[in-house]
There are 2 protein chains.
Amino acid sequence: MFRNTMPRYDILSEDALATLDGGWRRLVSEVGVEFASSRALDAFAAAGQEVEGSTVRFDPDFLTEQVAQAPGEFDLQARNPSHNLHVGGDHMAFAPVYGAPFVREGEVRRDATLQDFRRFAMLTQTFDELDSAGGVLCEPSDAPLDSRHLDMIYALQTLTDKVYMGSVISADAARDTLCMTEILFGGRAQIEQTPATVALINCNSPLRWDDRMLEAQIAYSEANQPVVLSPFLLMGAMSPVTVPAALVQQIAEALSGIALSQLIRPGAPVIFGSFLSNIDMQSGSPQFGTPESAIGLLCTGQIARHFGLPFRAGGALTSSQLPDAQAGYEALMTLLPTFLAGTNWVLHSAGWLEGGLVSCYEKFVIDVELLRSLRHEFTPLEIDEDALAFDAHAEVGHGGHFLGAMHTLERFRTCFYRPLLSSSDNFERWIKRGGQDAAGRARDISASTLEAYEPPPLDDAVRAELEEYVTKRRSELGD
Amino acid sequence: MFRNTMPRYDILSEDALATLDGGWRRLVSEVGVEFASSRALDAFAAAGQEVEGSTVRFDPDFLTEQVAQAPGEFDLQARNPSHNLHVGGDHMAFAPVYGAPFVREGEVRRDATLQDFRRFAMLTQTFDELDSAGGVLCEPSDAPLDSRHLDMIYALQTLTDKVYMGSVISADAARDTLCMTEILFGGRAQIEQTPATVALINCNSPLRWDDRMLEAQIAYSEANQPVVLSPFLLMGAMSPVTVPAALVQQIAEALSGIALSQLIRPGAPVIFGSFLSNIDMQSGSPQFGTPESAIGLLCTGQIARHFGLPFRAGGALTSSQLPDAQAGYEALMTLLPTFLAGTNWVLHSAGWLEGGLVSCYEKFVIDVELLRSLRHEFTPLEIDEDALAFDAHAEVGHGGHFLGAMHTLERFRTCFYRPLLSSSDNFERWIKRGGQDAAGRARDISASTLEAYEPPPLDDAVRAELEEYVTKRRSELGD
């Protein structure tokens, strides 16, 4: 795992933090948060909060007390122990694109299929830059709706040996994820002791948690599996148009969700979530890679640390319809601040295109290049006498070159970042090699990676038990 | 002008700075710096430095004393006062690509011509994101070599009304630049009082200043025009392969050049220069947008501030052969740290492609988009009660949307960054509008910008005097 030991780029003053603090306190106590779940409402009422209809108005101090019970850092186990994760502190975990109904491969944009899902799982398994197998790598439109989650979890469990994200479309789907995770890890006690899956719980912003998400959240928190409580804020639509207002709303929503998990199971692991960008006020379309989203991300990191919580934010987001220059700069416009903020859980860190509607093979490879490069960039310099290379200067003198210097020869294999995708070929060599743009080369890398894919070993008995579970449940669900 | 009042992202500890300080002191005193100019050598000898052949070994304290005479900030006048510049402090000035022998426009890559030079000058004049007209926007191969500088300066002076960069190919060319600048600004006294042009003086790294550059530097410093003393460091070739060694060398080279300017004219304005990246150790090709160059840039800012000097670094650099995804992410991989470091003079901030061999029309527009977006991103948030939008929440409640909220309606025109190039059109609308990638749209913007170009007004008498000077000098130079 990558540990980001570089400084954080904090841009909020103490005064600004205090103003935001006053803002969320007023919001939760005066406007409150809606919970479409009687279990949640009962729990908050029993804890002394003001419940009116499905709206809970909170004592802000109650929220901070609940939040204080959540662990600041926690472990996640993978079936391959070398892929175990630590969430929080200076650790950063990267997961691929999540939730896209379409895929793009070269010139073709089409409905995503289960085969696409599997292929994205294979890419995710292969690239070391991705720590988690992710969850809904794309929406497999050719798999039956009611049992689709079984196919996805099974693919993630068998084609990868990394930590996967659980299904959240219903309480049943969450329970299926938990049952299949128990099979893979040897029982409920095993996964309650060290969690083995993580679930993305989106808020129906503004200030409302929906029933299916809440049911899934409750199932995961009861089982001690971490949930990412994610306000879903496209400023102008789901939040006001000013970043400070969005931040205040984000705190109110995230803390209210986190408090519920703590009531369900005190000490349950949670991640402070953020999905924060804005719409185009002319067209209403979501925009990604915007300056506003970068600013929001930097602030979010500072706020999450203020509450002592691991946080999710950022990714390789873009509005672009193609893996072109816009996709490249927009992805980095979010991904570089993702590192500057020291983000602990980074969803959508590879493959996201067209505002999240498309999982793109070429973009996946482009983003892996960015992740590789940024890991290198956010590794502190070693500054000692040896690195100053005085002897090399004494050897080379004035106006010479260092290509053959001893200091160079001793280091030339590892001294610089070596790109996966980027080309620095001179024009003639580049033409000779086919004169492809980055998207074309990315497509080749994606194809050769899939070709070289090898499935991680899995015990036959465990595989059989998983298959049996999927078959049984598929039949129960009527597919 | 853009003032960057966001925090600086400083990554060097006090200990690290002290180690680097020891490094350059040892380098200048033990290995020394070569100056291919008897005037420079005489000046250093007269100032008590050890001169052996063309090598000067310095007392490090002598260098810091000289450097302390240079102004920490200074003004530059443009013929349009609204384009006057301030160099240093939190001000950032942006100039376009410099020095490319080729141009790219769409599918065509060709030798640059004087017409290309003029067209890039017209783009630079039009976009507010560029503060300076730049210098060698491309190398016009169809203009005679000996008098080419006259054509370029004349084009910059007449097609733009922004601060231009002076010719440095020889002492004569520098003097021509100064004479033409005197004509434009009304005499030598006018430009000595407030400088009106700035010159890029590259070091022949490692540790050698060449004769033509030195002659140009001396001419500009005598006339009180600022010079950018730029170590030219592609690690692995012109410097050792470790960033700390490159930083130490950069300090040694820059300070030695700055000291010369101070001996020529105490208090002459200078800019601490940096051009710092690395080569590919397999092919020997220069690489740009690398993690090493980003780290070097962040350190450079911290070092320049340590010496109280304005600094030049960064830009929209890329190795890519096309304005593709790689060009987008590599440009931002340098440009975002350029802002994080608070760079005062940013050369190559628009149009650079293919490692600086190509000035590209489409890339120019892509980079202008990045500059616009980053200016927005590096503008501090206003965090007050109004920005918290409590009333909007009270109005919208739970699960609604903010599109029609009063707070939104009052701000919707200006609340978010509005892109020049980036598209967030949904797929259907994007197809309907032509389904172009970012490079294609950038080409359209470049073409329409050139079409709409209007030359800034210029006094007929001044224009005639400039033309007369160019004609006379062209004939003297035998072209």
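Taken together, the values in this text are just the output of simple stated rules run on the coordinates, not laboratory data. What you see is a predicted model, and the numbers here were worked out from it, not measured in a lab. In this analysis, Cβ positions are derived from the backbone assuming ideal geometry, glycine residues included, and neighbour counts consider all displayed protein chains.
Please list, by residue number, every one of the trypsin sites (Lys or Arg not before Pro) in region A:373-447 that is coil in DSSP and has at most 10 other beta-carbon atoms within 10 Å.
Details: sites: A:375, A:411, A:413, A:429, A:432, A:433, A:441, A:443; in loops: A:411, A:413, A:433.
Listed in order of number, the matching sites are A:413.
The orientation-averaged projected area of the convex hull spanned by the Cα atoms of the protein assembly as shown comes to 38.6 nm².
In a simple Cβ point-charge model (Lys, Arg +1; Asp, Glu -1; nothing else charged), region A:173-312 has a dipole of about 220 debye relative to its Cα centre. Amide H to amide H, with H built 1.01 Å from N, residue A:320 comes under 5 Å of A:354, A:355, counting only residues 5 or more places away or on other chains. A DSSP coil position with no more than 15 other Cβ atoms inside 10 Å describes the following GluC sites (Glu not before Pro) in region B:6-104: B:73.
With a 10 Å Cβ neighbour count serving as the proxy for reagent exposure, in which order, fewest first, do B:415, B:203 appear? With the fewest neighbours first, B:415, B:203 line up as B:415, B:203.
Ignoring everything except DSSP H segments at least 4 long, calculate the 222 nm mean residue ellipticity for chain B; use -39,500 (n - 2.57) per segment, divide by total residues, nearest 500. Could the numbers behind the result be given before it?
On the way: 18 runs with 212 residues, N = 479.
It comes out at -13500 deg cm²/dmol, rounded to the nearest 500.
Label-point spacing for residue A:1 across the identical copies (point 7 Å from Cα in the Cβ direction), in nm and ascending order: 4.6.
Please tell me the relative contact order of region B:61-118 in percent, rounded to the nearest whole number, where contacts are Cα pairs under 8 Å and at least six residues apart. Could you put the intermediate results ahead of the total?
Working: 38 pairs, mean separation 10.0, N = 58.
In percent, rounded to a whole number, it is 17.
Distances between copies of residue B:384, taken at a point 7 Å out from Cα along the Cα→Cβ vector and listed shortest first: 5.3 nm. Can you give the relative contact order of region B:61-190 as a percent, counting alpha carbon pairs under 8 Å and 6+ residues apart? With pairs under 8 Å counted, the relative contact order is 23 percent. Legend: mean number of C-beta atoms from other chains within 10 angstrom of residue C-beta atoms, peptide B:347-356, equals 1. Across peptide B:242-250, the mean count of Cβ atoms from other chains lying within 10 Å of each residue's own Cβ comes to 6. Relative contact order of chain B: 18 percent, from C-alpha pairs under 8 Å at least 6 residues apart in sequence.
Close amide H pairs (under 5 Å, H built 1.01 Å from N) link residue B:208 with A:399, B:34, residues at least 5 positions away or on another chain.
Scanning chain B for the Cβ atom closest to the axis that brings B onto A yields residue and whole-Å distance B:328, 2. Proximity of backbone amide H atoms, modeled 1.01 Å from N, is registered between residue B:2 and B:92 at under 5 Å, excluding neighbours fewer than 5 places apart on the same chain. So which aspartates and glutamates pass the test for residue B:432, namely a Cα distance under 17 Å, with those fewer than 8 places away in the same chain ruled out? Residue B:432 reaches A:107, A:354, B:444. Among the GluC sites (Glu not before Pro) in region A:94-164, those located in a DSSP loop and surrounded by at most 12 other Cβ atoms within 10 Å of their own Cβ are A:107.
Across region B:336-343, coupling constants 3J(HN,Hα) worked out from phi with the 6.51/-1.76/1.60 Karplus curve, θ = phi - 60°, read 5, x, 4, 6, 4, 8, x, 5 Hz, and Gly and Pro carry x.
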